[in-house]
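Take a look at the structure below.
The values are calculated or read from the model by the stated rules, or taken from the named source; none is laboratory data. Because the structure is a prediction, the values reported are computed rather than measured. Positions of Cβ are generated from backbone atoms using ideal geometry, with glycine treated the same way; all protein chains shown enter the neighbour counts.
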Amino acid sequence: MSEFLNTHNVSLTISAASQKQWPETDLPEIALAGRSNVGKSSFINTLLGRKNFARTSGQPGKTQLLNFYNVDDKLHLVDVPGYGYAKVSKAQREAFGKLIEDYLVNRENLRAVVSLVDSRHEPSQDDILMVNFLKYYEIPVILVATKIDKIARGKWNQVESRIKSAVSFDSQVDQFLLFSSVDGTGLNEAWDALVDYL
């Protein structure tokens, strides 16, 4: 856990539907991106040591706004809408895409993006596009492989190299970690990676 931040001092600043609603602060921001069912809310809740701070939903695709979580007045964690969920309409998907792209390209407070991928599967086309997009705009990537508790420990190295090669990982600038919200694997490493950007 980070000594630098009091993770009990957390609040939702705003759920923003457009650029006009982005908070006007100097706080550094770290965004969290991933497929709808990758475990993004569980990742946030585990980071913050809360059960239900970020809503986990049985229905993927529920986050349709940018949620700005203020952590100890030192950082905003920004939860962006999950991508790749088929049940929302094409128009909705395009609207989410626009919302995410606007934020990632135009937000000066943004320091890095946590890109979450499911350790049990090959990174999807959407995952690969997201990482490529971030690289194009020279936004640092913290690649997090979630649900690692579902994989036998002896296969973790295999998982790591499979994911890294799928998304053209660059060890010079990117960071990688294995994470489980069930047993806390990778929690300290995740905080270390985030604090690097503050």
key: Residue satisfying condition, being buried (at least 19 other Cβ atoms within 10 Å of the Cβ), part of a loop (DSSP other than H, G, I, E, B) and of a type outside the set (Asp, Glu), within set Ser171, Ser181   = Ser181
query = Is it the case that some residue within region 146-169 is of a type in the set (Val, Ile, Thr) and under 14 Å from the mean Cα position of the chain (by Cα)?
reply = yes
task = Could you grab me the full set of residues in region 184-198 that are at positive phi and either of a type in the set (A, V, I, L, M, F, W, C) or buried (at least 18 other Cβ atoms within 10 Å of the Cβ) (or both)?
result = Gly186
Boolean, Asp102 is at pLDDT 95 or above, surrounded by fewer than 20 Cβ atoms within 10 Å (Cβ to Cβ) and part of a helix (DSSP H, G or I) = no
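For region 140-168, which positions are surrounded by fewer than 13 Cβ atoms within 10 Å (Cβ to Cβ) and among the basic types (Lys, Arg)?
Of all residues in region 140-168, those surrounded by fewer than 13 Cβ atoms within 10 Å (Cβ to Cβ) come to 150, 152-155, 157-158, 161, 165, 168.
Passing the criteria: Lys150, Arg153, Lys155.
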Conditions (1) within 13 Å of the chain's Cα centre (by Cα); (2) not small (Gly, Ala, Ser); (3) not in a strand (DSSP E or B); number of the one not met by Glu122 = (1)
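Kindly establish whether Arg153 is modelled with pLDDT of 95 or more, among the charged types (D, E, K, R) and either under 20 Å from Ile44 (Cα atoms) or in contact with a helix residue (DSSP H, G or I) (Cβ under 9 Å, 6 or more places away or on another chain) (or both).
Working: modelled with pLDDT of 95 or more: yes; among the charged types (D, E, K, R): yes; either under 20 Å from Ile44 (Cα atoms) or in contact with a helix residue (DSSP H, G or I) (Cβ under 9 Å, 6 or more places away or on another chain) (or both): no.
For Arg153, the condition - modelled with pLDDT of 95 or more, among the charged types (D, E, K, R) and either under 20 Å from Ile44 (Cα atoms) or in contact with a helix residue (DSSP H, G or I) (Cβ under 9 Å, 6 or more places away or on another chain) (or both) - is not met.
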query = How many of the residues making up region 1-52 are over 22 Å from Leu177 (Cβ atoms) and either in contact with a His (Cβ under 8 Å, 6 or more places away or on another chain) or not in a loop (DSSP other than H, G, I, E, B) (or both)?
reply = 12
Only listed residue being among the aliphatic types (A, V, I, L, M), within 20 Å of Thr185 (Cα to Cα) and either modelled with pLDDT of 80 or more or surrounded by fewer than 15 Cβ atoms within 10 Å (Cβ to Cβ) (or both), chosen from Leu27, Leu65, Leu12, Leu5 = Leu5
key: Count of residues meeting criterion [touching a residue at least 12 places away in the same chain (Cβ under 8 Å) and either in a helix (DSSP H, G or I) or not small (Gly, Ala, Ser) (or both)] in region 142-168   = 17
key: Considering residues of region 118-141 that are touching a residue at least 40 places away in the same chain (Cβ under 8 Å) and in contact with a Lys or Arg (Cβ under 8 Å, 6 or more places away or on another chain) only, the residue farthest from Gly34 (Cα to Cα)   = Pro140
